[in-house]
């Protein structure tokens, strides 16, 4: 009987390797667009599977809590709520003298227009707003 179990494990492993080789060959023959669609489909399926697993785990937690007479309050943290981080807009500190649409907050690299004016002998403080 032990040899039959070993046989079924080897058979399953052989089928898995065979499936993997077929999949890899198929991927090499796909166009860029087909690969992108495959990735998008896989990501969609992953999200569905994660959502289903989450529901399953929550149900198990509630069932376990109920089995010992406890109550559980589960606070769902949705992706939408987590991704809506509010960041304050940084005030503009510098403005081009001839083109008001060219501005800079003073953070990060100096814009090309400001570097050119400074290289032409102008002082950066001349372009401060207010």
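Close contacts from the range 80-96, counting a first residue that is over 15 Å from residue 107 (Cα atoms) and a second that is part of a helix (DSSP H, G or I) and modelled with pLDDT of 90 or more, with Cβ to Cβ under 6 Å and a gap of 6+ residues or different chains, come to 96/113. Does the range 111-130 hold any residues that are surrounded by 10 or more Cβ atoms within 10 Å (Cβ to Cβ) and either touching a strand residue (DSSP E or B) at 6+ places or on another chain (Cβ under 7 Å) or on the phi > 0 side of the Ramachandran plot (or both), and which are they? Listed by number, the residues that qualify are 111, 114, 127, 128, 129.
Residue-wise test of (1) in contact with a helix residue (DSSP H, G or I) (Cβ under 6 Å, 6 or more places away or on another chain); (2) more than 29 Å from residue 77 (Cα to Cα); (3) modelled with pLDDT of 90 or more; (4) assigned to a helix (DSSP H, G or I).
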site	(1), (2), (3), (4)
22	no, yes, no, yes
42	no, no, no, yes
47	no, no, yes, yes
55	no, no, yes, yes
64	no, no, yes, yes
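The values are calculated or read from the model by the stated rules, or taken from the named source; none is laboratory data. None of these values were measured; they are calculated from a predicted model. With ideal geometry, Cβ positions are generated from the backbone for all residues, glycine too; neighbour counts draw on all protein chains shown.
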